[in-house]
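As structure tokens, the structure follows; a few thoughts come after it.
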Amino acid sequence: MDLIEQNSKKFKDKGQQFFKWGLGCLGAAFLCFILFMAISGASGSSENISSFALGVFGICFLLCPALGGVGIWLLSQSSRHKTAGEIYRSVHDKIQQGARSLHYLAPINPSALNMVLNDLLQAGFFPGAYIDPVNRRLVLPGDKPPMQPRPRPIAPPRPPAQPPRPAANAVPVFCPHCGGKGFVPKGGSALCAYCEMPVSAETVKK
């Protein structure tokens, strides 16, 4: 059995241990709940209840949620370690083939992937490698830095519309449609610079 198989089996065995401990804690929590309900029923039907029964009642009241919480946490750790053992060799092989993205190495369970990568680096499989948390990549010595996207050029703001400069024989007018100020040739007409409606000096005079 090579070192990869040994480390993979180590994670699987630890996951099996966590699974057994988790089931034990959940079973103990269930027994505490049964005792709690039994003593609670007995205390409700009888006024004379011993101090020992009251002490057991209090202990069960405290231990039941605590053991249940610990059992659930142990089962979650069992799942993580079992997954780490199952993906150990595939992660190693993908890295050997040039994969660096953490999402590609294990897209389903990131926490199990972190356990596998840390174990691989501690075992000395990839000397000098480290995890880049910003780009979520495994970086090995000699790797090229990831390409950064080029910033898009920002277009300059468009200047506000300016009224046309008056000609030598132009007269100032105010558009009867939008009220914008403009200039038209004397005795002629032009389009408003704002609403593009026809304006003439004769129309404004009327």
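Applying a threshold of 8 Å to beta carbon distances and a minimum spacing of six or more residues, or different chains, the list of pairs starting in segment 77-98 at a residue that is among the β-branched types (Val, Ile, Thr) and surrounded by fewer than 20 Cβ atoms within 10 Å (Cβ to Cβ) and ending at one that is part of a helix (DSSP H, G or I) and at pLDDT below 85 reads Ile95/Leu105; Ile95/Leu120.
Being modelled with pLDDT of 90 or more, surrounded by fewer than 17 Cβ atoms within 10 Å (Cβ to Cβ) and part of a helix (DSSP H, G or I) holds for only one residue in Lys10, Lys20, and it is Lys20.
Looking at segment 79-105 only, could you name the residues that are of a type in the set (Gly, Ala, Ser) and within 21 Å of Phe19 (Cβ to Cβ)? Result: Ser79, Ala84, Gly85.
Cβ-Cβ distances below 7 Å connect the following pairs, each with a first residue in segment 103-132 that is closer than 16 Å to Gly15 by Cβ, a second residue that is of a type in the set (Ser, Thr, Tyr), and a separation of six or more residues or different chains: Asn109/Thr83; Ala112/Thr83; Val116/Tyr88. Only one of the numbered conditions (1) at pLDDT below 85; (2) more than 30 Å from Val134 (Cα to Cα) is not met by Leu67, and that is (1). Every condition in (1) closer than 30 Å to Ile95 by Cβ; (2) modelled with pLDDT under 75 holds for Gly142 except the one numbered (2).
The values are calculated or read from the model by the stated rules, or taken from the named source; none is laboratory data. Being a predicted model, the structure only gives us computed values, none of them experimental. Positions of Cβ are generated from backbone atoms using ideal geometry, with glycine treated the same way; all protein chains shown enter the neighbour counts.
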